[in-house]
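All of the numbers you see were taken from the coordinates with simple rules; none came from a lab. Quick caveat, the model's predicted, so the values are computed rather than measured. Cβ placement follows ideal geometry from the backbone for every residue including glycine, while neighbour counts extend to all protein chains displayed.
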Amino acid sequence: MTLPFDVAAVRADFPILETEIDGQPLVYLDSGATSQKPRAVLDAEREFLERANSAVHRGAHTLAADATELFEDARITVAEFVGAEPEQLVWTSGATGGLNLIAGSLGYAGRLGEGDEIVVTEAEHHANLIPWQELAARTGARLRHIPVLDDGMLDMHAAADLIGERTKVVAFPHVSNVLGIVNPVAKLVTLARGVGALTVLDACQSAPHLALDLPASGVDLAVFSGHKIYGPYGIGALWGRDEVLEALPPFTTGGSMITTVSLDKAEYLPPPQRFEAGTQPVSQAVALAAAVRWLGGHDLDAARAHEALLETRMREGLRSIDGIRLLGDTDAAERIALQAFAVDGVHAHDVGQFLDSRGVAVRVGHHCAQPLHRRFGLTASVRASAAIHTTEEEIDTFLDAVSGVRGFFGVGASTAGARA
Ligand code: PLP
């Protein structure tokens, strides 16, 4: 079958895809954990460090001016990528940093107290759960969750009941990092807005795969990580509406975020600098902008069609293998090419090692989503997640390997060879 997308050309941009694992080609299906980096990103970071490296916003010399320009240009590029204005985009260390900033800042602002409620979902990554647990514990607010149904969809009837006049914050993932299901952002925003609650979107898993227009999405605040979107580690972004950012106090304080400081007090810069205390991840910001430009250099509609094809092939292939249980098995939702599953009678870690022996890299464990695994009666699962560079052949290699797992471990009847 011909793909509507030149995946070979895309692959040629990723040096790591030439890697072999025990003499077999690497099949990297762990992009949900961290993406691989195209040469443009590696080059951008190295070139910055080789030619422009300097402290930003504070030097009088030429290098400092160049570095500052590159750093702020990166902000413009990444903001555009999510449909936003640069002053609405705060650099963070990643999604975790962004979510802690939001929860911590709301706490400092005294925006929550006894009787208030924070609503999250049962499908949170711990990064969008624990900061809210901490905030609830410190303020006396109550943390509630929207349950996940058996098919992985959010229980929107429960959501409508839960989100009420006590709700101050509704925080949810755009796409669960376990279920791969795109959540109904507009419906949740409508519920939250109806009661005047702030909405916080964890766009970590959607940013690499879906077109994002954060201002149009209706949410108030959103976060994503650079390293999942073909960019470097140590950088992410927090986006917020002007009036929402304006009303938040800084979470971290120190250098670079002030106008005047006396021994007793400090005046702060407006957003985004108000939230960017200390030395920033400058080369990482420049490289993240390169990642976004690299991604934007492709026909993204075609890329998404390609990934949708991979998603169907992966999920239907897994469904056809005996002894496989999919988490979030529904055709009723939009999805990304990420699928977690359990193999009957074989521990996820053993599955991971077996797949690795075939050159296939997947994630195993609870994927930082213990409550969601508990909801499905599991402590661990295997997760395969594709990227723009994944091929149909790689999905088939993965499926063939999964077909052989139970036979290898002497559990049930092997379906190895059942797939053509
Ligand atoms: N939210 C989701 C849905 C994720 O998948 C992840 C990472 O796996 C995070 C948050 C945390 O991202 P980071 O570790 O880059 O801060």
Given the peptides 47-54, 151-158, 202-209, 253-260, arrange them by the average over their residues of other C-beta atoms within 10 Å, most packed first. 202-209, 151-158, 47-54, 253-260
Using only Cα atoms, locate the centre of segment 124-185 and the centre of segment 1-54, then give the distance between them in Å, rounded to an integer. 34 Å
In angstroms, what radius of gyration and Dmax does segment 91-130 have, counting Cα atoms only? 11.3, 33
Inter-site label distance for Ile258 and Ala305 at 7 Å from Cα along Cβ, in nm: 5.6 nm
Computed about the Cα centre, the charge dipole of the chain from +1 Lys/Arg and -1 Asp/Glu charges at the Cβ has a magnitude in debye, to the nearest 20, of 820 debye
Reachable lysines from Lys228, Cα under 21 Å, same-chain residues fewer than 8 places away excluded? Lys37
Using a Gaussian network model on the chain with a 10 Å cutoff between Cα atoms, which of Leu327, Leu263, Leu201 fluctuates the most? Leu263
Would you mind pulling out the separation of the Cα centroids of segment 208-235 and segment 296-329, in Å? 21 Å
Using the 2.2 N^0.38 Å rule of thumb for compact globular proteins, work out how segment 247-336 stacks up: its C-alpha Rg over that value, please. 1.91
Quick P(r) readout (segment 188-277; Cα-Cα; 10 Å bins; whole %) gives 15, 37, 32, 14, 2
Count charges around Leu191 for me, please; just the other residues with Cβ under 14 Å from its Cβ, Lys/Arg as +1, Asp/Glu as -1. 0
Average projection area in nm² (convex hull over Cα atoms of segment 27-150, one quarter of hull surface): 11.8 nm²
Per-residue ellipticity at 222 nm for the chain, helices alone: DSSP H runs ≥ 4 residues times -39500 (n - 2.57), over residue total, nearest 500 deg cm²/dmol? -10500 deg cm²/dmol
Highest-fluctuation residue, Ile102, Ile321, Ile229 considered, GNM on the chain with Cα pairs under 10 Å: Ile321
Choose one answer from Gln24, Gln280, Gln370: the residue with the largest mean-square fluctuation in a GNM of the chain with alpha-carbon springs under 10 Å. Gln24
Within segment 241-352: Cβ-based charge dipole about Cα centre, in debye rounded to nearest 20 (Lys, Arg +1; Asp, Glu -1): 200 debye
To test your reading of the geometry: what angle, between 0 and 90 degrees and rounded to tens, separates the Cα axis of helix 300-319 from the longest principal axis of the chain? 50 degrees
Taking the Cβ of Arg335 as the center, what net charge do the other residues with Cβ under 10 Å away carry, scoring Lys and Arg +1 and Asp and Glu -1? -3
The chain - convex hull of the alpha-carbon atoms, volume per residue in Å³: 141 Å³
